[in-house]
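Visitor: The structure follows.
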Amino acid sequence: YRGRVNGWDVVNEAVAEDGNGLRDCHWSEVLGQDGYIARAFEQAKEADPDAVLFLNDYNLENNPVKGATFLRLVERMLGRGVPIGGIGTQSHLDIEIPAGQITAFFREAAQFGLPIHMSELDASLRREGRIDTRSHRQKIEQQIGRVRELAEAFMDLPPAQRHAFTLWGLRDTDSWLRRDARDDGKDSPLLFNAAGQPNPMFQAVVDGFSA
């Protein structure tokens, strides 16, 4: 596929779940945690020199500790001359994070001057691990607020840094979140419902792009 693909996720989900350091894997056991990442990008650059080479991860907006660890990794790799060409943030949003947290991450990430791919957007209405006393209206309002903030933060990037804004499914019933054993059939994490009609989240994206 040399010369035929716009971009590659060269290394995906390298940062530990809680953000404290990097994940161990087969490759890190042999080459070291930074070493295997550097080697992967070097090999990808050799294989497809004109493609945008991404380091991609999740919960970067949701967890400031993980976001900071990810950005330190990017800084470290660039300092070594590793050919990272872009940053990917999956954006499986926790709609209960504080307002402004998404914007803060994007501003930090933008300082590298790299293209940013908002790579896997969805925004579950569910709350994990705690009793949920929110009304449906409250959940929708939280979702609208965070998704609009994400779209605005993406559009606030310099045009050259807006690589792509990708959804992780089209209709609610297509979502991986609706295949979970915990699903009650009511989650609405995507832009369109089962009938293909726009959810409130759709307008949040439109408004964010138009702000």
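Visitor: Of all residues being open to solvent by 30 Å² or more (accessible area, probe 1.4 Å) and not acidic (Asp, Glu) in region 116-133, which is nearest to residue 78 (Cα to Cα)? Just the residue, please.
Guide: Once the filter is applied, the top-ranked residue is 117.
Visitor: Test residue 144 against the stated conditions and say whether it is under 18 Å from residue 100 (Cα atoms) and either open to solvent by 50 Å² or more (accessible area, probe 1.4 Å) or out of contact with any Ser or Thr (no Cβ under 6 Å at 6 or more places or on another chain) (or both).
Guide: Yes, satisfied.
Visitor: Sticking with this one: Pick out the one residue from 194, 204, 181, 211 that is hydrophobic (A, V, I, L, M, F, W, C) and in contact with a strand residue (DSSP E or B) (Cβ under 8 Å, 6 or more places away or on another chain).
Guide: When all the criteria are applied, what remains is 194.
Visitor: Could you look through region 76-92, keep only residues that are open to solvent by less than 40 Å² (accessible area, probe 1.4 Å) and among the small types (Gly, Ala, Ser), and pick out the one that is nearest to residue 190 (Cα to Cα)?
Guide: 91
Visitor: Could you say whether any residue in region 18-26 is touching a strand residue (DSSP E or B) at 6+ places or on another chain (Cβ under 6 Å), closer than 26 Å to residue 151 by Cβ and open to solvent by less than 40 Å² (accessible area, probe 1.4 Å)?
Guide: no
Visitor: Being of a type in the set (A, V, I, L, M, F, W, C), crowded, with 20+ Cβ neighbours inside 10 Å and under 30 Å from residue 52 (Cβ atoms) is true for just one of 153, 160. Which residue is that?
Guide: 153
Visitor: Ok, one more. Quick one: would you say residue 160 is touching a helix residue (DSSP H, G or I) at 6+ places or on another chain (Cβ under 6 Å) and either small (Gly, Ala, Ser) or in a loop (DSSP other than H, G, I, E, B) (or both)?
Guide: Criteria not met by residue 160.
Visitor: Being within 21 Å of residue 7 (Cβ to Cβ), in contact (Cβ under 8 Å) with a residue 24 or more places away in the chain and charged (D, E, K, R) is the filter here, so list the residues in region 26-79 that pass it.
Guide: Correct list: 42, 45, 48, 50, 57, 61, 75.
Visitor: If you check every pair at least six apart or on different chains, which have Cβ atoms under 8 Å apart with a residue in region 158-182 that is of a type outside the set (Gly, Ala, Ser) first and a residue that is open to solvent by 90 Å² or more (accessible area, probe 1.4 Å) and part of a helix (DSSP H, G or I) second?
Guide: 168/176
Visitor: Something else now. Of everything in region 27-75 that's among the aromatic types (Phe, Trp, Tyr) and more than 14 Å from residue 85 (Cα to Cα), which residue is least open to solvent (accessible area, probe 1.4 Å)?
Guide: Filtering region 27-75 for residues that are among the aromatic types (Phe, Trp, Tyr) and more than 14 Å from residue 85 (Cα to Cα), the one least open to solvent (accessible area, probe 1.4 Å) comes out as 70.
The values are calculated or read from the model by the stated rules, or taken from the named source; none is laboratory data. Model, not experiment: these values are computed from the prediction. Note that we place each Cβ from the backbone using ideal geometry, even for glycine, and neighbour counts take in every protein chain shown. Side chains are part of the model used for accessible areas, which takes the heavy atoms of the whole protein and leaves out ligands, DNA and RNA. Shrake-Rupley method; radii C 1.70, N 1.55, O 1.52, S 1.80 Å.
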